[in-house]
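Worksheet for the structure shown next.
Bear in mind these aren't lab numbers, they're just calculated from the coordinates by the rules spelled out. No experiment lies behind these values; they were computed from the predicted model shown. Please note: Cβ atoms are built from the backbone with ideal geometry, for glycine as well, and neighbour counts cover all protein chains shown.
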Amino acid sequence: MFVTPAFAQAAGAPAGNVLNSMLIPMVLVFGIMWFFLIRPQQKKAREEEAMRAALRRGDQVLLQGGIIGKVTKVKDDNEIEVEIAQGVKVRVLRAAVAQVLSKTEPAEG
């Protein structure tokens, strides 16, 4: 009915072994998540930032709202002017550019 002192003393396990057995899988899970989730997202964000930084006059772009237009003026670091129809120009932020549909080549000379 009662637990004898010999069984009660043998119940403990070393704490360091449990810590090591839980730490290694947690590090492996984090490493796998970083390799398959975080790293590709960071790479895509860098590519999009480079695409927006390389915008020039004459590029045809797709904006976040689904509007297709041609860049007519690059105003500053954050703003561009896009012609969405003949004679209709709108000022948008560079962050609103979702994709560059066609790039123009720089003029020689």
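Those residues that are of a type in the set (A, V, I, L, M, F, W, C) and either touching a residue at least 60 places away in the same chain (Cβ under 8 Å) or closer than 16 Å to GLN99 by Cα (or both), I need them from the stretch 75-86; list them, please.
Just the residues of the stretch 75-86 that are of a type in the set (A, V, I, L, M, F, W, C), to begin with: 80, 82, 84-85.
Within the stretch 75-86, ILE80, VAL82, ILE84 meet the criteria.
Taken across the stretch 41-60, residues that are among the polar types (S, T, N, Q) and surrounded by 13 or more Cβ atoms within 10 Å (Cβ to Cβ) do occur, with at least one present. Can you name the residue in the stretch 56-96 that is assigned to a loop (DSSP other than H, G, I, E, B) and acidic (Asp, Glu) and is also nearest to the chain's Cα centre (by Cα) among such residues? The residue in question is ASP77.
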